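Let me begin by presenting the structure, written as structure tokens, before commenting on it.
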Amino acid sequence: MIHTFQDKKTGLLLPDSAHPRTSGYSEAGASRTRRALRGFTPRSTTPREDIDQNNYTLRQRGRMLYMSSPVATSAINTNRTKVVGVGLTLKSSIDHETLGLTAEAAKAWQKRTEREFALWAGDKAACDATGMNDFVSLQQLALISWLMSGDVFALFQRREGTRLRPYSLRVHLIEADRVRTPMILGGGLASMTEGKAENGNRIFDGVEVDAGGMVTAYYVHNTYPWQTTTEKETHQRIEAYGERTGLPNILHIMNAERCDQYRGITYLAQVIEPLLQLNRYERSALTAAMIQCFFTAWITTEAGASELPFDEVGAGDIAGVPLENPSGISQSPNELEMGEGTINILQPGEKVTFGNPTMPVTGFDGFVKTFCELIGAGLGIPYDVLIKEYNSSYSSARAALLDAWEDFRMRRAWFVSDFCQPVYEMWLSEAVALGRVKAPGFFSDPLIRAAWCGARWIGPVQGSLDPLKEAKAAVLLIQNGLKTHGQVAREMGGGDWDENVEILKDENRRLEAAGGTSRQEIDLSKEEEDA
């Protein structure tokens, strides 16, 4: 039996299969009939159209907000402080089992290599192509540029070594604006970001990819877009990897949010509009507060227009030529000025009318706090950490720090993978080639090379609100086998437990030799007093 229904418009009997049906998201977020969603018809396309063609604008706005908005500045600088801080320190951690070394021999090799790396990393002229930064400063600069502009590039360059600086490796940081697609005249808007290389590969905003989508080269320009200069604009094609060695020629530090995305987006992209509006609101409130601070008065007079004061400021400097009255006090008999305890005699027909400006902004604190909470949520930084305001309870403040630390730790892992570790591996390759570091099999087997290149990067730790409570918790975790001494040492102080043991052994020996106490026992089981 065929079920039918009568169409209201035509009056015809139609089969039930023709009855419009809705199910799933068609009655929810994908509905085209709900009033609230009728005008909400976005059209997302490829990363090239959604990202690349808008990236120049996003980059400039993100950079300007960093320079003008306190909240944006705090967001980026807080990441710099927590992710890199005073620098991510190399801690060599080779796979001694794969290399056939004893644990003692591995430790000795690691210490020698760390000292050799410090020789290069601590010298501005040895590691930075511009001679302006040591490796720690390069880390800080690269992280800020990455977050502010969306990505940053590290170009490896070579300079002849000297007796004091034996290594030829130099790192040249390149800002995002200088990597772009060479201009194609007459190609329209798309030609600003998309183009074709001479070998047939496609170029997406300065990144050349082959038919399979693999990055093969980058196009680095000698100038910035719209830069005012007499220098002729040129570009250089930098292959992503060396043809003979397979090592990277250039590093690309970025975080992708979509598949087939080849350029990064500023960290502030999703909160540009609320940041801008909040900045304008704060400035307006400040201006209103400043106006309220002034004691404003108007002089009403019956005098003619020709008798009114002309120069209200009184005096000054015109075109760099000082006036006869450099004090700035008006000499005009028709101009009245106010001062502390001043009594002025008004002319006949004049009277004073005082203004009473009121503060036009109400609920400023609550409004700004709500906006900052939303902005912080979008950036992955809780309000307490973003604004540096820890007025809530201990539990709330600790929860905020823990939540923020998850983002910082993830961002540090990305940064180490994109920048610190590749730079170290490039340096180590040269150190082994020069014979300053002995690493048998380094160039013959990739597995052996990976074993020699093993490393950890130690940076700022999470921080503590109540060190005694957290020390007690750490002791309990160790005693019950939930964490090791090494894990706790890294998390709480960023140090190495093995090194701590060796140092403590020496310190205790020296204390005993001096007749002191080698160790002080602290009773952690005693109940601490409430603050």
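Readers should treat all values here as calculations from the given coordinates under stated rules, not as data from a laboratory. Because the structure is a prediction, the values reported are computed rather than measured. No Cβ is skipped: glycine too gets one built from the backbone with ideal geometry, and neighbour counts run over all protein chains shown.
At a Cα cut-off below 19 Å, give the lysines reachable from Lys369, other chains included and same-chain residues fewer than 8 away excluded.
Output for Lys369: Lys388.
Between Ala455 and residues 5 or more places away or on another chain, which pairs have amide H atoms under 5 Å apart, with H built 1.01 Å from N, and which residues are they?
Sorted by chain and number, the residues that satisfy this are Ser93.
Counting Lys and Arg as +1 and Asp and Glu as -1, what is the net charge of the other residues whose Cβ lies under 9 Å from the Cβ of Ile51?
Counting the neighbours of Ile51, the net charge comes to -2.
I need the GluC sites (Glu not before Pro) found in the stretch 103-185, filtered to DSSP loop residues with at most 15 other beta carbons within 10 Å of theirs.
Glu160
Based on the mean of other Cβ atoms within 10 Å per residue, sort peptides 277-287, 53-63, 388-398, 222-232 so the most packed one is first.
Descending packing order for the listed peptides: 53-63, 277-287, 388-398, 222-232.
Step through the residues of the stretch 422-437 one at a time and calculate ³J(HN,Hα) from phi using the Karplus curve (6.51 cos²θ - 1.76 cosθ + 1.60, θ = phi - 60°), rounding each to whole Hz and writing x for Gly and Pro.
Along the stretch 422-437, the couplings run x, 5, 4, 5, 5, 5, 4, 4, 5, 4, 5, 5, 7, x, 7, 10 Hz.
So for each of 82-95, 475-488 I average, over its residues, the number of other beta carbons within 10 Å; can you give me the resulting order with the highest mean first?
So the order, starting with the most tightly packed, is 82-95, 475-488.
Do you know the relative contact order of the stretch 379-479, to the nearest whole percent, from alpha carbon pairs under 8 angstrom that are 6+ apart?
21 percent
Taking 0.36 nm per residue of separation and subtracting the Cα-Cα distance, what length does fully extending Ala450 through Asn77 add?
Roughly 130.9 nm would be gained on extension.
Where the only charges are on Cβ atoms (+1 Lys, Arg; -1 Asp, Glu), what is the dipole of the stretch 47-268 about its Cα centre, to the nearest 20 debye?
Values: 26 positive and 26 negative charges, 141 e Å.
Dipole about the Cα centre, nearest 20: 680 debye.
If R0 is 45 Å, what FRET efficiency do you get for Leu434 and Asn54 from their C-beta distance, rounded to 0.05?
So the FRET efficiency works out to roughly 0.45.
Report ³J(HN,Hα) in whole Hz for each residue of the stretch 99-106, in order, from the Karplus equation J = 6.51 cos²θ - 1.76 cosθ + 1.60 where θ = phi - 60°; Gly and Pro get x.
The phi angles translate into 7, x, 9, 6, 4, 5, 5, 5 Hz.
Ranked highest first by average number of other Cβ atoms within 10 Å, how do 430-442, 66-78 line up?
Descending packing order for the listed peptides: 66-78, 430-442.
Could you compute the net charge surrounding Leu276? Neighbours are other residues with a C-beta less than 12 Å from the C-beta of Leu276; K and R count +1, D and E count -1. Walk me through the numbers on the way to the answer.
Details: positive: Arg61, Arg280, Arg283; negative: Glu273, Glu282.
Here the count lands on +1.
Provide the gained length on full extension for the span Thr287 to Thr130, in nm with one decimal, where the gain is 0.36 nm per separating residue minus the Cα-Cα distance. Numbers along the way, then the final one.
On the way: separation 157, 0.36 × 157 = 56.52 nm, distance 4.26 nm.
Result for the pair: 52.3 nm of gain on full extension.
Below 8 Å between Cα atoms, with a sequence gap of 6+, how large is the relative contact order for the stretch 62-151 in percent?
32 percent
For a Förster distance of 22 Å, can you work out the FRET efficiency between the beta-carbons of Trp405 and Asp498, rounded to the nearest 0.05?
0.35
How far, in nm, would the chain grow between Arg38 and Cys259 when pulled straight, counting 0.36 nm per residue and subtracting the alpha carbon separation?
76.7 nm
State, to one decimal in nm, how far the label point of Leu511 lies from the label point of Glu175, with both points 7 Å from Cα in the Cβ direction.
5.2 nm
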